[in-house]
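Let me begin by presenting the structure, written as structure tokens, before commenting on it.
The values are calculated or read from the model by the stated rules, or taken from the named source; none is laboratory data. Not measured: the values here are computed from a predicted model. Neighbour counts are summed over all protein chains in view; Cβ atoms, including those assigned to glycine, are modelled from backbone coordinates with ideal geometry.
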Amino acid sequence: MNHKIAKDAVVNATIDILTKAETQLPSDVIYALKQAQMRETSQIAKAQLSAILKNIEIAKEHSIPMCQDTGILVFFVELGRDAHLDFKLEDAIIEGVRRATETIPLRPNAVDSLTRKNTGNNTGIGLPDIKYELVDGDKITITVAPKGAGSENMSAITMLNPTEVDSIRNFILTTVLNAGGMPCPPIIVGVGIGGSFDKAARLAKSALLLDIENNPEKMDERDELERDILNDINSLGIGPMGLGGDTTALAVHIKTAHCHTASLPVAVNIQCWANRHASITLGGDE
């Protein structure tokens, strides 16, 4: 049975998840930050993590953005094949973004890439960035992941030779080392391996949505690789906010795809401590 979803429902849902993402950090990220704060041996690092946790608390209590850079808005949409829409889904999400920019409020970050003219409402050509996936069922799940420039600017991609599998770890570590304190560590590191040039980057960005403590998508071998790379990153000593310490990263998440026999794309998408995202499901019996 097809279930009709109203445009207003999508607009309001977009505003709701944007409000939640900008003002409340997911529980797995908060838990990881608290664990890092308890483990830290550097008093400066402990103080930085305490300040971050206090910032998170204040943002939630007063329903205000936890960071002045409210990011560009990236949406991941799982669209049920049987969902019934009589409107353009993209238009509804864009309208929600425009309204949320005023009501939350959000800093207007969308500018023309050449003229640098600001649209004033976080929308423009190609923004918000909406990625669609067709799934079974009659529901729509919308996830928003605001992405700040401080961390996004430190991300990187490379096209390795197929014989350079052993160089993947070094590329990840070099990317994090070059980033230093710029992305506001402790960071989460999303890695995409395989696919094509753009597929690797999409894998890396979507990897940031995975739960820090409980990720059922990971295979045992990959889980071990992620732990090893995480330990290597934390041995760099960059520390919270780049001021030194034991915790440079909270997690490393790797997603892979098959690729061309003559190619090995690797992308690293860095996220700051404010790994903001929120989801909502519409349709069906919801």
Cβ pairs under 8 Å, 6+ apart or interchain, first in region 114-133 and on the phi > 0 side of the Ramachandran plot and in contact (Cβ under 8 Å) with a residue 40 or more places away in the chain, second surrounded by 17 or more Cβ atoms within 10 Å (Cβ to Cβ) and part of a strand (DSSP E or B), ordered by first then second residue, are ASN122/ILE72; ASN122/LEU73
How do the strands (runs of 3 or more DSSP E) wholly within region 107-174 filter down when requiring 1 or more residues that are outside the structural domain of SER206 (by TED's automatic domain parsing): which remain? 129-135, 139-147
Verdict on ILE52 being in a helix (DSSP H, G or I), of a type in the set (A, V, I, L, M) and buried (at least 19 other Cβ atoms within 10 Å of the Cβ): yes
Would you confirm, using the coordinates I've provided, whether THR101 is farther than 18 Å from ILE280 by Cα, buried (at least 16 other Cβ atoms within 10 Å of the Cβ) and touching a Phe, Trp or Tyr at 6+ places or on another chain (Cβ under 7 Å)? no
Go through region 1-11 and give me each residue that's assigned to a helix (DSSP H, G or I) and surrounded by 17 or more Cβ atoms within 10 Å (Cβ to Cβ). VAL10, VAL11
For the structure I just gave you, tell me whether THR115 is under 21 Å from PHE76 (Cα atoms) and hydroxyl-bearing (Ser, Thr, Tyr). no
Within region 12-44, considering residues that are touching a residue at least 60 places away in the same chain (Cβ under 8 Å) and among the hydroxyl-bearing types (Ser, Thr, Tyr), the one surrounded by the fewest Cβ atoms within 10 Å (Cβ to Cβ): THR41
